[in-house]
Amino acid sequence: MKHPIYTIFAMMSCAYLSTANVRGWRLLSQVSPFRWGSNAHGAYHK
Amino acid sequence: MVVRKDLNVETIGVMAELPPDLSPLQIGTLGEWNGQRFELIGRVRVKWELGSWNEWYALFAGGSGGWVAEAQGFYMVSFEVNRDEIPEKPELLRAGDSRKFGGKFWTVSDVKTVRCSAGEGELPFAAPPGFERTSIDFTSQDGEFASLELSAGEPLLYVGAYASFDDLHLSNLRPVPGWSADAPQITNQTEALNCPSCGAVVNIRAMGQTMSAVCGSCGSVIDTANPAWTLVQGRDEKVKKIQPLLPIGARGSLEGTEYEVIGLMQRSDTESNWSEYLLFNPWRGFEWLVTYNGHWSFVHRQPAFGDLAGPRIDYDGRKFFRYARGEAKVTAVLGEFYWKVKRGERAMLTDYVAPPAILSKESYPELQEYTWSLGSYIDFKAVASAFNVKNLPKPAGIYLNQPNPYAVKWREVRWLAMLFIAVFTVVQVVTSSHARRKVAYNAELAYHRVSLEKTMVSPKFEIEGGQQMVEITAAAPVDNNWLGLDLELVDAKTGQVYPESLELEYYHGADSDGPWSEGSGSNSVAIPAVPPGEYYLTLEPSADPAVKDMPFHITLTSGGVFWSNYFFGLMLILAYPIYLLIKRSTFESRRWSESDEIPPGAHAKS
């Protein structure tokens, strides 16, 4: 393999894309899969 | 010596003793040319004003004869052709004249008087020492050569081609002293004679092949073609200041062949100085190592080249672009050479490049000669390792035939990039087709300015499946006004809130430029990574002060994919290839900034 870093990076990109699409992730997101929204308060509960 | 007259032989006496040389050929050497076996049965040593060479008489299977000439490290195989082909009035031919014979156009490259100096074995004619003849050499456009021999008898015409050592499939070779393990042991591998100018000992390393040598003590250039050494050029005290990067006499292997450094020629043109090291191997002949600013090229002479010219030459499947033209002068010499070198010797150089290859033409207008050579860039570490020398200067700047490292990487990476783009696209298509969109909530609502309850809360609805994206779309009949929605998607079980906002605005009108409009009556927002479960939506609408009431439609859809992931990933995958393309282009720009010629990319445009 002549360009291992690029190859690994590109393979990881493909893996990430498939996971992101299945899990509904957005790469450039205000709400990333690793950051949840704020907790709701009682006022919003029905 | 024996003269062959078909199958009868006639002994005519003993010729002068052949001078010692390092030829690997001998009487009895076997070979093959164009599928025909041959054996060398005789040799003539031929001399002329500027040098000497061997002509071996070869007996081919079937009894026909041919010649294998051995000169300046080249081999040439030729055969006598029908005398009807001989051009008319050959004695009037001069260098540069053209004639047609044998169905081809030939140009006279050289006319000289040659003399037999010695011989051995069986020959097809009597060639006593001192036997003189006029030799007229021709070259054809496709690199073949012909030789017309004029003597007291009938003129003879020979036509042939250049051959490499490997082309001849030689066996039963002569062990070469100093080179072959099975050669007779001799105490002195080189011929040492005294400089006729200062008397210092001068060693000859390529005996029988070199025509001049430089005295390392006084710098005189000595004619070594004849046993009685004479001066070609007088003293040059600067010779002692020459410090070769590769010592004269050093041996090293390049491309699997062992060479000995036998000469150094320093040259210059109006802009630069460079050094050319002459290498010798008894079987392969002479090669060159050329160095400039720490860059090196391994250069092979190309005897079979025609008189090509122009801004581009296509050769060996490669496109060579002219890089430089100019006059070069020999500024210093050391060691020995296969021609009578002189300091101050001038030549017109034309370099064509197809990195890492370089094709060079040297023209000598005074001699009406030109030579071609084909070189290849070689890493300075490979040179240092081959000749076991330390501290070779590192390359500086970009050399004319230096391989573009980014071009090599680009050629390798582009296929990888195309492969990954294809895989990436397939992943996107497959995963997006599986991420089916489903409406989880859909409602017709309305904004009322006077309403006391500002916040609207939807009924609970189910988002099914796995973690996925959710898209909320709103539409309203805005018309030169706006409607804003602050909304929150709330997980009914965990209380997790996903706050978002949507603006709907649509304005239109007309001015001096005509009708205009901006905005839209619908808008959407996507929320990533929403887990499945029971949710509700809270909405707090606001609107333009002029709006009292406005209906709006809200839809919440689960599923689908973010195409921004795909395009962002594409950019990441393409970033490295694009970087290489830019660097490749920059490298080539720097390479060609040193040239007055048209860069390769500009040829197509011009």
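Worth a mention:
- Neighbours of B:Val261 by Cβ distance under 13 Å: Lys/Arg scored +1, Asp/Glu scored -1, total -3.
- Computed over segment B:438-560, the Cα gyration tensor eigenvalues convert (square root of 5λ each) into semi-axes of 30, 17, 10 Å, ordered from largest to smallest.
- Inverse mean reciprocal Cα-Cα distance (Kirkwood Rh) of segment B:35-85, Å: 12.0
- The alpha carbon centroids of segment B:45-77 and segment B:509-555 are separated by 95 Å.
- Among B:314-320, B:565-571, B:471-477, the peptide with the highest mean count of other Cβ atoms within 10 Å heads the list, and the full ranking is B:471-477, B:565-571, B:314-320.
- Neighbour counts of C-beta atoms inside 10 Å place B:Trp288, B:Trp372 in the sequence B:Trp288, B:Trp372, starting with the fewest.
- Farthest positive-ward along the protein assembly as shown dipole, Cα basis, beta-carbon charges - from B:Val353, B:Tyr566, B:Tyr507: B:Tyr566
- Stretching B:Glu518 away from B:Ser98 to a fully extended chain increases their span by 143.2 nm, per 0.36 nm per residue minus the current alpha-carbon distance.
- Mean projected area in nm² (Cα convex hull; one quarter of hull surface) for the protein assembly as shown: 47.3
- When the GluC sites (Glu not before Pro) in segment B:277-375 are filtered for DSSP coil states and for at most 11 other beta-carbon atoms within 10 Å of their beta-carbon, the remaining sites are B:Glu366.
- Converting the Cα gyration tensor eigenvalues of chain B into ellipsoid dimensions via √(5λ) gives semi-axes, longest first, of 85, 26, 24 Å.
- Cleavage-rule hits, GluC sites (Glu not before Pro), segment B:53-91, DSSP coil, Cβ neighbours within 10 Å at most 12: B:Glu88
- Taking other C-beta atoms within 10 angstrom as a stand-in for reagent exposure, B:Tyr277, B:Tyr579, B:Tyr406 fall in the order B:Tyr579, B:Tyr406, B:Tyr277, fewest first.
- Part-to-part distance (alpha-carbon centres) for segment B:79-141 and segment B:308-354, which is given in Å: 28
- For chain B, taking a cut-off of 4.7 Å between Cβ atoms, the unpaired cysteines are B:Cys116.
- Reachable aspartates and glutamates from B:Lys493, criterion Cα separation under 19 angstrom, eight or more residues apart if same chain: B:Glu462, B:Glu464, B:Glu534
- Averaged over B:453-464, number of beta-carbon atoms from partner chains that fall within 10 Å: 1
- Within straight-line reach of B:Lys329, meaning a Cα separation under 22 Å, sit the following lysines at least 8 residues removed in sequence or on another chain: B:Lys238, B:Lys240, B:Lys241, B:Lys340, B:Lys342, B:Lys361.
- In segment B:199-282, GluC sites (Glu not before Pro) in a DSSP loop with at most 15 other beta-carbon atoms within 10 Å: B:Glu255, B:Glu271
- Peptide B:571-582 shows a mean partner chain C-beta count of 2 within 10 Å per residue C-beta.
- Descending semi-axes in whole angstrom, ellipsoid equivalent of segment B:262-317, from the Cα gyration tensor: 22, 19, 10
- Note on A:Lys2: lysines with a C-alpha under 28 Å away, same-chain residues under 8 apart excluded, are B:Lys319, B:Lys381, B:Lys394, B:Lys409, B:Lys583.
- Electrostatic dipole magnitude of chain B [Cβ: Lys, Arg +1; Asp, Glu -1; Cα centre; debye, to 20]: 1480
- For the peptide A:8-17, the mean number of other protein chain Cβ atoms found within 10 angstrom of a residue's Cβ is 6.
- Cut-off 13 Å between beta-carbons: net charge of the residues surrounding B:Ala526, Lys and Arg +1, Asp and Glu -1: 0
Just so you know, all these numbers are worked out from the coordinates, no wet-lab data involved. Quantities reported herein were computed from a predicted structural model and do not represent experimental measurements. Counting neighbours? That spans all protein chains shown, and the Cβs are built from the backbone with ideal geometry, glycine included.
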